[in-house]
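Following: one structure in structure tokens, then a few remarks.
The values are calculated or read from the model by the stated rules, or taken from the named source; none is laboratory data. These numbers were taken from a predicted model, which means no experiment stands behind them. Quick reminder, even Gly has a Cβ in these numbers, built from the backbone with ideal geometry, and neighbours come from all protein chains shown. The accessibility values were calculated without ligands, DNA or RNA, using every heavy atom of the protein model including side chains. Shrake-Rupley method; radii C 1.70, N 1.55, O 1.52, S 1.80 Å.
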Amino acid sequence: MKFVKILNISLDNLSKVELLKQLQSGVVFTPNVDHMVKLQYDREFLQTYLQADYKVCDSQILVYASRFLGTPIKEKISGSDLFPAFYTYHKNNPNIKIFLLGGKQGVAQRAAKRINNKVGRNIVIGAHSPSFGFEKDEQECAEIIEIINQSGASVLAVGVGAPKQEKWIIKYKDRLPNIKIFLAVGATIDFEAGTVKRSPKWMSDAGLEWLYRLLVEPQRLWKRYLLEDLPFFWLILKQKLRLYNMPNQSID
């Protein structure tokens, strides 16, 4: 199956290798359980999502859900797995020049240095950590756009959390004519900088990455994982029983 329908979004049913080969241009979002729940009530987020060129599964729990629904997804492609695979795949491609947008002060610059050291060239040519609430400040957004345009980057990786990063990309992408590929990468910039540790691979593969992150950042994440995301499982059961009604009109 080329697409897998989960609730009100169709996910591209691609392997990571297939995606890397296909991805020449466009916007890439990586939906997880938290995104799927937000997409049920945030109409702006839904309309933003529907404008992405690629929507690939960022959660082992979504993989389990797809199997339960009888339409299995090939592979989990989280942003934090896709991004290092992307820059490794393009390490010798001079046309790929990445700009990092996200993280606390100095984090994006640290991530850039570490990535460039791994790749062996300056594949990341610009990095910027915006202020808290920057997305509501048109002047700061205009300044960020100018910085990105002046950098010469062809790829923009935005890691400022959902739904902020997805909405920002769609709102401003037309003002970034040199950017061919837009990646919404969540906490990936922090992972690349080494300021936040990823879960052990076995936990990620088992669908327990959420538990690891909850244990590491309980004050920030307890509400998301223990309260806000729980309706997902009921909604999947309703979809299985053909009782799910899309809250907003979706476009495939």
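Observations, loosely collected:
- Some residue of region 23-34 being closer than 17 Å to LEU230 by Cα and assigned to a helix (DSSP H, G or I): yes
- For region 151-171, the count of residues that are more than 18 Å from the chain's Cα centre (by Cα) and farther than 24 Å from GLY26 by Cβ is zero.
- Tally, over region 1-31, of residues that are farther than 18 Å from LEU237 by Cα, open to solvent by 40 Å² or more (accessible area, probe 1.4 Å) and not hydrophobic (A, V, I, L, M, F, W, C): 7
- Scanning region 32-77 for residues that are more than 18 Å from the chain's Cα centre (by Cα) and of a type in the set (A, V, I, L, M), we see that the one that is least open to solvent (accessible area, probe 1.4 Å) is ALA65.
- Flag for ILE115 being closer than 30 Å to TRP234 by Cα and among the aliphatic types (A, V, I, L, M): no
- Each residue in region 120-145 was checked for being of a type in the set (A, V, I, L, M, F, W, C), out of contact with any helix residue (DSSP H, G or I) (no Cβ under 6 Å at 6 or more places or on another chain), surrounded by 13 or more Cβ atoms within 10 Å (Cβ to Cβ) and without any contact (Cβ under 8 Å) to a residue 40 or more places away in the chain, and 1 of them qualify.
- Scanning region 148-175 for residues that are within 20 Å of ASN122 (Cβ to Cβ) and surrounded by fewer than 23 Cβ atoms within 10 Å (Cβ to Cβ) gives ILE148, ASN149, GLN150, SER151, GLY152, SER154.
One line per residue, one yes/no per condition, for (1) part of a helix (DSSP H, G or I); (2) of a type in the set (D, E, K, R); (3) more than 23 Å from ARG220 (Cα to Cα):
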residue	(1), (2), (3)
MET36	yes, no, no
GLU44	yes, yes, yes
ASP58	no, yes, no
ARG67	yes, yes, yes
GLU75	no, yes, yes
ALA112	yes, no, yes
ARG121	no, yes, yes
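- Look at region 226-246: where a residue is within 20 Å of GLY70 (Cα to Cα) and a partner is in a helix (DSSP H, G or I) and open to solvent by 60 Å² or more (accessible area, probe 1.4 Å), sitting 6+ places away or on another chain with Cβ atoms under 9 Å, you get ILE236/PHE68; LEU237/PHE68; LYS240/PHE68; LEU243/LEU237; TYR244/LEU237.
- Region 176-199, subset touching a residue at least 24 places away in the same chain (Cβ under 8 Å) and open to solvent by 30 Å² or more (accessible area, probe 1.4 Å), residue farthest from LEU19 (Cα to Cα): THR195
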